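What follows is calculated from the coordinates using simple rules that are stated; it is not laboratory data. Since the structure is predicted, the reported quantities are computational estimates derived from the model, not experimental observations. Here Cβ is always computed from backbone atoms with ideal geometry, including for glycine, and neighbour counts include all displayed protein chains.
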6 protein chains.
Amino acid sequence: MTDSIYTAACLYKLPDTEIIAVSPKTGPASIECFYEEHLSAIGVFQEIVKGDREESCDAYIISCFGDPGIFAAREVTKKPVVGIAEAAIATAKFLAPNFSVITLLDRTVAAVQEVIHRYGAAQFCKSIRSTGLGVLDFEADFDRGLEALARESKKAVDEDKAECVLLGCAGFVDFVESLRKNLGVPVLDGVSPAVKYAEILVQMGLETSKINTFAFPPEKEVKGFTIF
Amino acid sequence: MTDSIYTAACLYKLPDTEIIAVSPKTGPASIECFYEEHLSAIGVFQEIVKGDREESCDAYIISCFGDPGIFAAREVTKKPVVGIAEAAIATAKFLAPNFSVITLLDRTVAAVQEVIHRYGAAQFCKSIRSTGLGVLDFEADFDRGLEALARESKKAVDEDKAECVLLGCAGFVDFVESLRKNLGVPVLDGVSPAVKYAEILVQMGLETSKINTFAFPPEKEVKGFTIF
Amino acid sequence: MTDSIYTAACLYKLPDTEIIAVSPKTGPASIECFYEEHLSAIGVFQEIVKGDREESCDAYIISCFGDPGIFAAREVTKKPVVGIAEAAIATAKFLAPNFSVITLLDRTVAAVQEVIHRYGAAQFCKSIRSTGLGVLDFEADFDRGLEALARESKKAVDEDKAECVLLGCAGFVDFVESLRKNLGVPVLDGVSPAVKYAEILVQMGLETSKINTFAFPPEKEVKGFTIF
Amino acid sequence: MTDSIYTAACLYKLPDTEIIAVSPKTGPASIECFYEEHLSAIGVFQEIVKGDREESCDAYIISCFGDPGIFAAREVTKKPVVGIAEAAIATAKFLAPNFSVITLLDRTVAAVQEVIHRYGAAQFCKSIRSTGLGVLDFEADFDRGLEALARESKKAVDEDKAECVLLGCAGFVDFVESLRKNLGVPVLDGVSPAVKYAEILVQMGLETSKINTFAFPPEKEVKGFTIF
Amino acid sequence: MTDSIYTAACLYKLPDTEIIAVSPKTGPASIECFYEEHLSAIGVFQEIVKGDREESCDAYIISCFGDPGIFAAREVTKKPVVGIAEAAIATAKFLAPNFSVITLLDRTVAAVQEVIHRYGAAQFCKSIRSTGLGVLDFEADFDRGLEALARESKKAVDEDKAECVLLGCAGFVDFVESLRKNLGVPVLDGVSPAVKYAEILVQMGLETSKINTFAFPPEKEVKGFTIF
Amino acid sequence: MTDSIYTAACLYKLPDTEIIAVSPKTGPASIECFYEEHLSAIGVFQEIVKGDREESCDAYIISCFGDPGIFAAREVTKKPVVGIAEAAIATAKFLAPNFSVITLLDRTVAAVQEVIHRYGAAQFCKSIRSTGLGVLDFEADFDRGLEALARESKKAVDEDKAECVLLGCAGFVDFVESLRKNLGVPVLDGVSPAVKYAEILVQMGLETSKINTFAFPPEKEVKGFTIF
């Protein structure tokens, strides 16, 4: 999946942009519930600190449609941090009056709802539909995954009157091209636009507001993990 | 003011991007109330149709922090249309948990509120502050304008706890640099980021969803104006 | 359609009330999208100024369920301005705990939603249903129009549990009587109640608040249109 | 106070309209808390049933800015029932983009908030200000009452940026004229407009929707009170 | 029904807790509309005053899922007052991300909606479903009542994706046990948890905040009823 | 601080309730930002699994007013999980029409806001005030901490009209008694009521709904942490 994300991230990047796609050293194989979001966060922080210290990264993209610590990540670095859900939502709002999200499982609907609320998008969201398949199902059987995404996307357009479809999992980037063909509305993943948003924030010289909420964490003893 | 906007639009544009900055042939000298928003809309539509037919424009930016017909403009063309208010808001949300907007006059607060609601940003907006000066005052006396913007920006940060400041008028682009120096939070105009959002939508091959709400207007007799 | 509106406006007017029904000199033949709302606004302003100067009108009614410039119209004159959507909504709220709106087309649902929000009625609105027919279809074939309105009204009551039905187009005034017969809930157009609201505002000597948001527009050069 | 309300109710009534102003036979001398709202409701129902049976009333006005059983009253009769808070709010929305309410006491702010929410007016309400005086204080000392109302109204306009002021107690009708003189924004009581709304609902032949929520109460034994 | 409530109230009470279950001396035989809510309130206040004066009650439970005067009851006594709707909602929120409510009749949906809003639970409420049966139907035919509750509960889970079911009538306490067996989600009545909440408020020495909104009613003449 | 929490947890517990107060083996010394919330979550999950496997715990209390993984914790176990913020909020709603929260620092206001929204309490929250002191400041200097809490609590009551005060940090439990003396409104910490809510959920035999959102996490390889 990291390879797919890397490919999607490179699709529209500027020539000079260098993408480093990493899967954190700690955490679960995929993120399909609140628990796994939290398990992923530590590794996300570690990669960001490494990016700041060793790789001189200009910005960070968190490739999960849920929330494995985005606000916290904005505390950890002053470089821009872009989540793929907010990137997809921001893009949809420029193109359509509303959208639906296709998520993995019934149980991940709640996490998408939290994200939708957090970014002020509840009034634009027509529905959150689940495919009933997990991350590994999509990796194991492309055709079955495509069929499920196409089916739910079509229902979102026909039944829920969505005028744009967001793919609610970083693992769905492989399906964007195929889905766009027949649906008649924009189909957006979050990975490609997140790269573009990161690029333009860097280009405009903008950094995270450090005045209060997203200030660096206080220096303090942390047991069990080494982040900084 | 069109020159200032042109300069701001060029600040961060890609080398290959060509900016055509136009002031519509019809409409008021500036936009400071709902009435003037409406008077501006006809000219906006005419420029967009001209851009589609004669100039092969790839995208359109509407440089008004209020709403001189953005949804209607998305009906008129299939090319992306970006408003500067939504561009500024989208940018702020990547950088800070909240923001305040500095607008011209007490009477324009209501128009900003409509825009804030339309883009789902009410939950992020700490305050809308007015300078008490009109567009022409800012053009006539730079120092007085800067002083007013600096004063209200500082109040937004200190009293309203805003962690980002949005400049709620295209005419404020000249003041961005000076304001950024001492405020301690990101100061954003909408013109520069709007150019960047337009660029990336074009680069990703995305166009306005034409399936329903933003479909082209029906062909129909229009008395008094020639748009198409 | 102006004749139908005139007839509906006269239905319940006081004996001394004089109705002047005008179709603005500029604008589209009907209003079925955001673009056409904006095209209509200039003509609306011109008629209001003419009404103030030449006809000593006491109040103005804007007979469109969408928003062809109502807030702007309140800036242009100090006389009360009443829109038919807000008139229908205000009436419904006195009679029922909720309502549905029947609109023309799928694409006009979004414009009705804006209006519903603007008047603080989202919590009362059970659904917005579209007939799939345009303004001219209703004019061309009464029976087909009636059938479509009756069908959607019944669905609003039976499926969406609406306890009142609002007809979301000024052109629907011809159908009110027929629709009321069998539906079992109040069926409201906005034209007749708008006349009554205008009458009582005049009778009570009330005018638009001119202290800030709805103050007269600043005197300013306007290119291309003569309003004042 | 019933006399004052009668006078206010007659101010703008049509010549043929007959006003019957009654103070229910049971209940508290004034309404200044939730408890007193409930104590008043029984008498309200009794008067409505009497009005239906003995006086052939065409509509009912409940002259309390709080809620002594308005929804219940709509169950008890099919004739229109108009509350003075909703009448004042509906009027304000035709005239101004927002309003403030002046209420009696700090403790009645919560009841006004409930009413504001119930009528979908939260987005228009700039503030609810209390005078610190009770109903009887206003009756006992006109000048002191006027001074308190004028002071809070002015603060609502100057500090809270209200563009219309609603008088949040039926007992305030005596003060409307004096308050209007210097404030510069519309000052509205609810009694006069409620009469006008009742008149026009009757004139248009409209009655409460009886299909579900406001259907007549089921016939049932009631201990302790005789209503029907 | 008072017996059923008593039984449910005793189910989980602490050994030392004494339950006094009373049906007020005045009011309707059951509560199935807004009108009946108001008719019940007087008797509720009388019982509370009696409880304070004669029975040294430590807390009060109002066993109606609607609102027969809960805020008013909090004015009448300083002892904690717990409603069964808020008790059920509070419990559900500890156990599930959302819930549905099963109410009696279509007409009682609106009263439940008011309660849901009042307790800030709109964002958690998936649906309010009605059985189509009245209170007396449930008393007259247990099996028919159970079948209706089971059917709507299952629809709430399967169709509305509710993850918890609240029984929206005190009379449903007899059905809890049977409903829990097969549904697969928590099924909650409000009576048992209300007793527990009352117990713990008493145990922690907490009383209603009397500083403003819920202060004791002012001493005042009340015609027709003797409460204090 | 764990000792203080233990003491507060025991204040009102039932005689048979055994409290095990633990500070997770991993994580930061205190929680004062989003980052530290995430760092704490892993340890919380580990303690819960240990509690389930080794200590036969009947319920879990997470003693942080922010959110170190409460939804995730509900996935990890089927036993009830109670957070102290939701416990404090639930208690306040039984006692007062609104409340304010006193939090540590300006930067923790945002985390409290998230919690307030998550529990549907935005409509009840008058203000969130910060003391400007960190967790360790409160531990180091009791008098200074008390003075800060008393000052902000008083402002919440006097200026923000709060009728109940919530102490927004587990570390504030030591100050409850002193604060209650002079404030005139209920002062609530979340620890003591959380224990009571946990007790009653256990007593009523209730467990977390496992049907969907809070189902156990899928079995899956997790790198770097051992939780189950």
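Which GluC sites (Glu not before Pro) in region B:4-80 pass both tests, a DSSP loop state and at most 13 other beta-carbon atoms within 10 Å? Please list the in-between numbers first.
Working: sites: B:Glu18, B:Glu32, B:Glu36, B:Glu37, B:Glu47, B:Glu54, B:Glu55, B:Glu75; in loops: B:Glu18, B:Glu32, B:Glu54, B:Glu55.
Answer by residue number: B:Glu18, B:Glu54, B:Glu55.
Can you find, among E:Ser56, E:Gly83, E:Ser40, the residue sitting farthest towards the positive end of the charge dipole of region E:2-147, where Lys and Arg contribute +1 and Asp and Glu -1 at Cβ?
The residue sitting farthest along the positive end of the dipole is E:Gly83.
With just the Cα atoms defining each centre, how far is region F:107-133 from region B:119-167? Give it in Å.
26 Å
Past the 45 angstrom mark, what percentage of all C-alpha to C-alpha distances in the protein assembly as shown do you count?
On the way: 382901 of 935028 pairs.
Cα-Cα pairs in the protein assembly as shown separated by more than 45 Å: 41 percent.
Highest GNM mean-square fluctuation, chain D, Cα pairs closer than 10 Å: which of D:Ile102, D:Ile128, D:Ile19?
Largest GNM mean-square fluctuation: D:Ile19.
Pull up all non-local amide H partners of F:Tyr60: gap of 5 or more, or a different chain, and H-to-H distance under 5 Å with H placed in the peptide plane.
F:Val81, F:Val82
Distance between Cα centroids, region A:77-105 to region C:32-95: provide it in whole Å.
The distance from the Cα centre of region A:77-105 to that of region C:32-95 comes to 37 Å.
I want the antiparallel fraction of DSSP beta bridges within the protein assembly as shown, as a percent rounded to 5.
Details: 12 of 90 bridges.
In the protein assembly as shown, approximately 15 percent of DSSP beta bridges are antiparallel ones.
Scan region A:49-93 for trypsin sites (Lys or Arg not before Pro) in coil per DSSP, keeping those whose Cβ has at most 15 other Cβ atoms within 10 Å, and list them by number.
Working: sites: A:Lys50, A:Arg53, A:Arg74, A:Lys78, A:Lys93; in loops: A:Lys78.
The qualifying sites are A:Lys78.
Just to be sure I understand: with springs between alpha-carbon atoms less than 10 Å apart, which residue in B:Val44, B:Val202, B:Val187 has the highest mean-square fluctuation in the Gaussian network model of chain B?
Maximum among the listed residues: B:Val202.
Rounded to whole Hz and in sequence order, give me ³J(HN,Hα) for region A:193-200 from the Karplus expression 6.51 cos²θ - 1.76 cosθ + 1.60, θ = phi - 60°, writing x for Gly and Pro.
For region A:193-200, the Karplus curve yields x, 4, 4, 5, 4, 4, 4, 6 Hz.
Could you go through region E:218-225 in sequence order and give the Karplus-derived ³J(HN,Hα) for each residue, using 6.51 cos²θ - 1.76 cosθ + 1.60 with θ = phi - 60°, rounded to whole Hz, and x for Gly and Pro?
The phi angles translate into x, 5, 6, 5, 10, 8, x, 10 Hz.
Which value in deg cm²/dmol, rounded to the nearest 500, describes the helix-derived mean residue ellipticity at 222 nm for chain A, given -39,500 (n - 2.57) per DSSP H run of n ≥ 4 and division by the residue count?
Values: 9 runs with 103 residues, N = 228.
Helix-only estimate at 222 nm: -14000 deg cm²/dmol.
What are the label-to-label distances in nm, one decimal and shortest first, from E:Thr7 to the same spot in the other copies, with labels 7 Å along Cα to Cβ?
Those label-point separations list as 4.7, 6.2, 6.5, 6.5, 8.4 nm.
How many percent of DSSP beta bridges within region A:85-189 run antiparallel, rounded to 5? Let's see the in-between values first.
Numbers: 0 of 10 bridges.
Roughly 0 percent of the beta bridges in region A:85-189 run antiparallel, per DSSP.
How far is A:Val202 from the same spot in each other copy, in nm, shortest first, if each label point sits 7 Å from Cα toward Cβ?
2.2, 5.3, 6.6, 6.6, 7.4
What share of all Cα pairs of chain C, in percent, falls into each consecutive 5 Å distance bin?
Reading the bins upward from 0: 1, 7, 14, 20, 20, 16, 11, 6, 3, 1, 0.
Compute the helix-to-body angle for B:142-158: its Cα long axis versus the longest principal axis of chain B, expressed 0 to 90° and rounded to tens.
It works out to around 70 degrees.
Over all residues in B:137-144, what is the mean tally of Cβ atoms on other chains that come within 10 Å of each residue's Cβ? Let's see the in-between values first.
Working: counts 0, 0, 0, 0, 0, 0, 0, 0.
For peptide B:137-144, the averaged partner shielding equals 0.
Using a cut-off of under 14 Å, list every residue of region C:1-19 whose amide N is near the label point 7 Å from the Cα of C:Ala29 along the Cα-to-beta-carbon line.
It comes to C:1-2, nothing else.
Can you work out the Karplus-derived ³J(HN,Hα) for every residue in region B:73-82? Use 6.51 cos²θ - 1.76 cosθ + 1.60 with θ = phi - 60°, whole Hz, and x for glycine or proline.
4, 5, 6, 6, 9, 9, 5, x, 10, 10
Comparing D:Ala121, D:Ala87, D:Ala73, which has the greatest mean-square fluctuation in the GNM of chain D with Cα pairs linked when under 10 Å apart?
D:Ala121
Report the FRET efficiency, 1/(1 + (r/R0)^6), for E:Asp3 and F:Arg180, where r is their Cβ-Cβ distance and R0 is 41 Å, rounded to 0.05.
Working: r = 40 Å, r/R0 = 0.97.
Computed FRET efficiency for E:Asp3 and F:Arg180 comes out at 0.55.
Would you mind checking which residues have amide H under 5 Å from F:Lys126's amide H? H placed 1.01 Å from N; only 5 or more apart, or other chain.
Answer set, sorted by chain and number: F:Phe99, F:Ser100.
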